[in-house]
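Written out below as C-alpha cells is the structure these notes cover.
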Amino acid sequence: MAISDVYQLTDIQTYGTQEVENVWFFEKLSPDGTAADLIEGFLATYMPAIRQIQAQGIVHTEIKVINLGDLGDFEDMPVSLAGLAGAGDTMPSFVAIGYTLKPATRAVRPGSKRIVGVLEAALVNGVITEPTFVANVEALRIVLDDNAVGSLSEYQPVIVKRIKEPVVGTTPQQYTYRLPHTGDPLTLGLVKQALTNPRATSQVSRKF
C-alpha cells in the first residue's frame, strides 16, 4: 500500500448556525481512483443511509477530499442534502447515534462515528425505540464497512494510525498525534465491521 492510495474525506453539515463534521478515511483499490471519484462513490454508497437517520434540519453542505500522499489530488464539492428522517423536533447537535468501527488488525485502535440529527420522537429516555428509526440505524451500520463505489475505482473504508510526536519543552513529556505524511510509516486497519448501541450518545466536539 502507498500513502498516495489513502484519502481523507470530510463531510461538512450545518444544523441551524452550528457546523458539524464527520471525517472518514478510504483506500482506493485501483490506481485510476481520484478524490472526485471518491466523492461520487461516497454520495452513492454512504450518504443515502446517513441521511435516513437525520432530521431534515441537518443539511450536508460540502464534501472535501484530500489525498494524503498526492498534493495534486483533492476535491471540494458543494452539496445541499437535508436529512430524510422527518421534520419533527430534533435533539441538540451534541446528541448523536454512535458507531464503533472495528478494524481487521490489532495494529490500529477501533474508530468511531457520531451521526447527529436525532429526532426526539425516536428516543425514550435516551434509548432508540421508534421502529423505523431503529431499522434505519441498523441499515447504516451495515453500510459502514462497505466499499464506496465510484466510476473509476472502489474505495475501502480504513482507520489510519496517527504518528506520535513529542511536544518540545514539556515536562513531564507530552505528545501530539498527526496523520502520516509522505515518507512516514503507514499503518492502516481495514474496517471489517461496525457496531452500534441502542442508546444515543453525546459529544462536545463538533468533529466526529
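Filtered by the rule that a residue be among the small types (Gly, Ala, Ser), within 20 Å of the chain's Cα centre (by Cα) and outside any helix (DSSP H, G or I), the range 117-163 gives 117, 148, 150, 153. Restricting the range 1-37 to residues that are of a type in the set (Val, Ile, Thr) and out of contact with any strand residue (DSSP E or B) (no Cβ under 8 Å at 6 or more places or on another chain), the residue that is modelled with the lowest pLDDT is 17. Residue check: residue 122 meets all listed conditions (1) closer than 20 Å to residue 43 by Cα; (2) of a type outside the set (Ser, Thr, Tyr); (3) free of Cβ contacts under 8 Å to residues at least 60 places away in the same chain; (4) surrounded by 19 or more Cβ atoms within 10 Å (Cβ to Cβ) but one, namely (1). Which of the residues belonging to the range 79-96 are in contact with a strand residue (DSSP E or B) (Cβ under 8 Å, 6 or more places away or on another chain) and part of a loop (DSSP other than H, G, I, E, B)? 83, 85, 86, 88, 89, 91, 93, 94, listed by residue number.
Residues in the range 33-55 that are of a type outside the set (A, V, I, L, M, F, W, C) and more than 25 Å from residue 192 (Cβ to Cβ) were compared, and the one that is farthest from the chain's Cα centre (by Cα) is 34. Of the residues in the range 162-178, how many are touching a Phe, Trp or Tyr at 6+ places or on another chain (Cβ under 9 Å) and either touching a residue at least 40 places away in the same chain (Cβ under 8 Å) or not charged (D, E, K, R) (or both)? Within the range 162-178, residues that are touching a Phe, Trp or Tyr at 6+ places or on another chain (Cβ under 9 Å) and either touching a residue at least 40 places away in the same chain (Cβ under 8 Å) or not charged (D, E, K, R) (or both) number 3.
Within the range 54-97, the set of residues being within 30 Å of residue 182 (Cβ to Cβ) and of a type in the set (S, T, N, Q) comprises just one member, 67. Answer yes if at least one residue in the range 75-85 is of a type in the set (Asp, Glu) and out of contact with any Gly (no Cβ under 8 Å at 6 or more places or on another chain), and no otherwise. Yes, the conditions are met somewhere in the range 75-85. Report, by residue number, each residue of the range 147-206 that is over 26 Å from residue 106 (Cα atoms), in contact with an Asp or Glu (Cβ under 8 Å, 6 or more places away or on another chain) and surrounded by fewer than 13 Cβ atoms within 10 Å (Cβ to Cβ). Within the range 147-206, just 151 meets the criteria.
The values are calculated or read from the model by the stated rules, or taken from the named source; none is laboratory data. Keep in mind that what you see is a predicted model, and the values were worked out from it rather than measured. Note that we place each Cβ from the backbone using ideal geometry, even for glycine, and neighbour counts take in every protein chain shown.
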